[in-house]
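To start, the structure under review is shown below, and the notes come after it.
The values are calculated or read from the model by the stated rules, or taken from the named source; none is laboratory data. In this text the structure is predicted, and so the values were computed from the model without any measurement. Please note: Cβ atoms are built from the backbone with ideal geometry, for glycine as well, and neighbour counts cover all protein chains shown.
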Amino acid sequence: MHDIDGYETLAVLGTGQFGNVVLVRRKSDRKLFAAKIPHGEDNAARQAARQEAQLLMTLQHVNIIQFVELVDKDSQLALVMEYASGGDLEAFLRWQQESVGRLSESAIMRIFIQIVLALQYLHEHRVMHRDLKPKNILLDGDGIVKLTDFGVSKLLTSSLDFAQTMTGTPHYMAPELLEGGAYDYKSDVWSLGCVLYELAVFTPPFNGTALGAVVGKILHGEPLPISEQYSSQLRALVSNLLEKDSSRRPSLSDILKSDVVQRHMLQLVSVATSHQPMLLDQFAARINLHEVIKPLESVSPFPNYPSIHTVDHNGDGNHDQVQHMPVAKPPRLIQPETDFARQLFFENQLASTSRGFEDAEHSRSFQSDERVKRMCASTNAWFTEISCPLLVLSVMTKAKHKKIIAIGKNYEAHAREMGATSAPKDPVLFLKPTTSYVRNGGSVLLPPGIGEVHHEVELGVVIGKGGKDIAESASMDHVAGYALAIDMTARDLQAKAKKAGFPWTHAKGLDTFTPISDFIPKSVVPSPHDLNLWLKVDDELRQNGNTGDMVHNIPFLISYVSRIMTLEEGDLLITGTPEGVGPAPVGSVLTAGITGLIDVRFPVETRVYKA
């Protein structure tokens, strides 16, 4: 591979009909970019690259891949663009289907809404994409959607213009295009419907082994029905988008106003806070979010995407499915203090995950580059190394000294259900190892013969600024954000330890005994003392409590703990569980959440020992 002038070529990201896309590093500042390089002296491909560059230069939207520069010097031609480190949607869906299973409706809609916003921006600027498909939808390191490949896009001179050139990929082509007639922006809406269908089903709606069969199905057939596990609103939306009569398809504005989109739009506010002001403006222009967004505008631009590993808690359909979004973030050299704490929080989780990957039950090994890449791609952490194996070692080194501080019996009702007459006067403290973390979507592993294991859903507080002897009045200044945690407890072991006067470490500290959500920024939680925590075992709601019922509030706990041990950036303080704790047997699935903020899912499985 030849280097582009001013860039170092690192790897081939993809190959297409007209050229290659390569990963490059700019020599002046060592930043990573993607570069599209036409094949050889193919004049048509070179001209297409120049036209695509001219178009990209005019487009500025957070959900559209950004133009960097066109290197057109001597015989060298390269279109340099923003690098989306999460890969393309086609590869993600293939990985999702093989490794995890179907996406939940909330995950589907988060991806879909961003595509709609990008298309609406294009159409407002009189640009048709004309080749919308999962391969041309990228994901950046924060899980943000990026439309790319504008090589066949067309600029219409007015909103009433129609295009007549057949372009695009057959599986996603609109009927009017295949029939050779005129078509307009509604052709992109058809392709959008194909993508939405594929998000739910993992295959295009119209498939076949031969081109003629595909065309016949598009013109005259109907796709297989989408699972009824998804809401009727989502299924109806797909049907409307795949209306063969283009005049009856909804506009993008109509789509954004639909009930199913509006219901999921608020979940994307956290995305907006990460990419302000551009994405904030996109949302504010389409729904009445001004009062919601107002307190979020001071959030730092560090990645803030809500977990795509989420569980639907409202609406119809089956909403207990996990979705796993592989992400990997290029390095940032300057981080605000709270963001450093956030990074350490995730590094602790990855360090635990990496150790878990060595277990036989995970069937993974650091010796396999492909497995390492997958593991690295599945974390929400941000690091200082690009090399994945080095990254893992770096994370494990940095995370050694961090800790989980847990508070026992901090809700009156829970204290009573555990046999006490009231909650203790002073907080009950115990420590859990960071090796007990398991990320959303991972499995809680129970050793054979361990006895009854209970769930305890809790609010976790992520420490953003370390300190000792912290005054209660200043405690909240030390908080970076929050997380949802489940304190798994081997109840039989705990009872034996209590009876013998021994500590509870064995009952609380087993690997995977601290299931944890993604980070929730402090700025999106107006009051941590008015949050609804819930947990289900399979479909049975077991715990449903409010953090306002804590005996000892968060400022007091931070101050109290800091007088016993020094708190450090990245430490996690889990604040006790409301009533309703109970058994989580092997074969069950734990789903839990903070209402309106985040949801998680963890299957419970038997641990398999290597020896």
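Here are some residues: Leu590, Leu493, Leu567, Leu535. Which one is among the hydrophobic types (A, V, I, L, M, F, W, C), in the same structural domain as Ala413 (by TED's automatic domain parsing) and at pLDDT below 95?
None of the other options fit; the residue is Leu493.
Scan region 384-438 for residues that are closer than 21 Å to Glu569 by Cβ, of a type outside the set (A, V, I, L, M) and at pLDDT 90 or above and report the count.
Qualifying residue count for the region: 7.
Within 15 Å of Ile404 (Cβ to Cβ) and either touching a residue at least 60 places away in the same chain (Cβ under 8 Å) or out of contact with any Asp or Glu (no Cβ under 8 Å at 6 or more places or on another chain) (or both), is that true of Glu472?
no
Just need a number here: residues in region 549-586 that are of a type in the set (Phe, Trp, Tyr) and either surrounded by 20 or more Cβ atoms within 10 Å (Cβ to Cβ) or in a loop (DSSP other than H, G, I, E, B) (or both).
Of the residues in region 549-586, 0 are of a type in the set (Phe, Trp, Tyr) and either surrounded by 20 or more Cβ atoms within 10 Å (Cβ to Cβ) or in a loop (DSSP other than H, G, I, E, B) (or both).
Being hydroxyl-bearing (Ser, Thr, Tyr) and farther than 16 Å from Ile404 by Cβ is the filter here; which residues of region 426-468 pass it? Steps first, please.
So the first thing to find is which residues in region 426-468 are hydroxyl-bearing (Ser, Thr, Tyr), and the list is 434-437, 443.
Result: Ser443, single match.
Among (1) in contact with a helix residue (DSSP H, G or I) (Cβ under 6 Å, 6 or more places away or on another chain); (2) surrounded by fewer than 23 Cβ atoms within 10 Å (Cβ to Cβ), there is one condition Lys432 misses while meeting the rest; what is its number?
Tallying (1) in contact with a helix residue (DSSP H, G or I) (Cβ under 6 Å, 6 or more places away or on another chain); (2) surrounded by fewer than 23 Cβ atoms within 10 Å (Cβ to Cβ), Lys432 fails exactly one: (2).
Being assigned to a loop (DSSP other than H, G, I, E, B) and within 24 Å of the chain's Cα centre (by Cα), is that true of even one residue in region 452-460? Lay out the reasoning, then the answer.
Start the filter on region 452-460 by keeping residues that are assigned to a loop (DSSP other than H, G, I, E, B), which leaves 452, 456.
Then drop every residue that is not within 24 Å of the chain's Cα centre (by Cα), which leaves none.
No; the residues of region 452-460 include none that is assigned to a loop (DSSP other than H, G, I, E, B) and within 24 Å of the chain's Cα centre (by Cα).
Of the numbered conditions (1) over 22 Å from Asp469 (Cα atoms); (2) in a loop (DSSP other than H, G, I, E, B); (3) more than 23 Å from the chain's Cα centre (by Cα), Asp518 satisfies every one except a single condition; which is it?
Evaluating Asp518 over (1) over 22 Å from Asp469 (Cα atoms); (2) in a loop (DSSP other than H, G, I, E, B); (3) more than 23 Å from the chain's Cα centre (by Cα) leaves (3) as the failure.
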